[in-house]
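Have a look at the structure below before the remarks.
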Amino acid sequence: MGMSLEIKDIKCGFGPRVVVNGFNATVNSGEILCMLGPNGVGKSTLFKTVLGFLKPMGGEILLDGKAINTLSRKEFAKIMAYVPQVHSPPFPFKVIDVVMMGRTARIGTFGIPSRRDKEIAASMLERLGVTFLLNRTYTEISGGERQMVLIARALAQEPAFLMLDEPTSNLDFGNQVHVLQCISDLARNNGLGIIMTTHFPDHVFQCDGHVALIEWNNVFLTGKADDIITEENMRNTYGIEIKVVKNKFSETTVSSCIPLIKKQ
């Protein structure tokens, strides 16, 4: 059964300082929303507010019509999972143990994982095509492999929504594509609602998602990628000239943003 996450007229910031004011967006099961915008514009602040790390200064965030601040942390964790941008564990855990940590929301902090919990953790690695990492040491695998493990850990929570903070940060080109393919498949084939932050407009096109373009002075543009990621909007947001190019390959049209760098 599908669910809906509504961000309604949200106002958020740190202490008395308002960073984001009047933001609205809705994400349903099976949809991807990419938050795009320059550094310092408030993406991370908004992200932390949706996750409940920061208390909203105004507006509300609803999960199927229920305010998230009325949910316990355990109830929230059963619905919403989070994949951080960077994760450095203090101990050299096995990959399967890292993924198993995602089951905490289902079994309790001091609960003992059952055979089913272990099977679910292993199945998430299999779903992402990284079963070969199961008994590897997490601290000894590559950045791309760690990112897939963190996604598997989040999926082990069996959430309805997945939030990813710059999921391709510090990954090489191949691993970026692999992670983006994984995100698209999770939404399209598994019905997850996904919110992700990114610095790359092309990622929005590649994920075939909706976009929330956050500009300075609390200007927000939300909608389909083709409608929002335009040459004019990119120029207004980033202060650079770009060309949006559309190429057709077989039955698929691929859009891409190309920056126009002036030769001195």
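None of the figures in this text is laboratory data; all of them are computed from the coordinates on show. Predicted model, so just to flag it, every value in this text is computed and none were measured. A quick note on method: Cβ atoms are made from the backbone with ideal geometry, for glycine too, and the neighbour counts reach across all protein chains shown.
Phi angles of region 204-214 translate, via the Karplus equation with coefficients 6.51, -1.76, 1.60 and θ = phi - 60°, into HN-Hα couplings of 5, 4, 5, 7, 6, x, 8, 9, 10, 8, 9 Hz per residue; Gly and Pro are given as x. Out of (1) -0.43; (2) -0.48; (3) -0.55, which label holds the value of log10 I(q)/I(0) by the Debye sum over Cα atoms at q = 0.09 Å⁻¹ that was computed here? Read-out taken from this structure: (1). The DSSP beta bridges internal to region 4-259 are antiparallel in roughly 65% of cases.
Taking a label point 7 Å from the Cα of residue 141 along the Cα→Cβ vector, which residues of region 63-96 have an amide N closer than 12 Å to it? Counting backbone N atoms under 12 Å from the label point, the list is 93-96. Computed over neighbours whose Cβ is under 14 Å from that of residue 233, the net charge equals -3, Lys and Arg +1, Asp and Glu -1.
Extension gain, residue 11-residue 170: 0.36 nm per intervening residue step, less the Cα-Cα distance, totals 54.2 nm.
Comparing mean-square fluctuations of 120, 96, 141 from a GNM of the chain with C-alpha springs under 10 Å, the top value falls on 141. Under the combined filter of DSSP loop state and at most 10 neighbouring Cβ atoms within 10 Å, region 222-264 retains these trypsin sites (Lys or Arg not before Pro): 262, 263. Over region 145-242, the ratio between the Cα radius of gyration and 2.2 N^0.38 Å evaluates to 1.15.
Ordered by the number of other Cβ atoms lying within 10 Å of each residue's own Cβ, fewest first, 229, 214 fall into the sequence 214, 229. Remark: relative contact order (region 4-259) = 24 percent; criterion is Cα-Cα distance under 8 angstrom and separation of 6 or more residues. Here region 211-264 and region 44-76 have alpha carbon centers that stand 30 Å from each other.
Of all segments of the chain bounded by chymotrypsin sites (Phe, Trp or Tyr not before Pro) found in a DSSP loop with no more than 13 other C-beta atoms within 10 Å, the longest spans 111-215.
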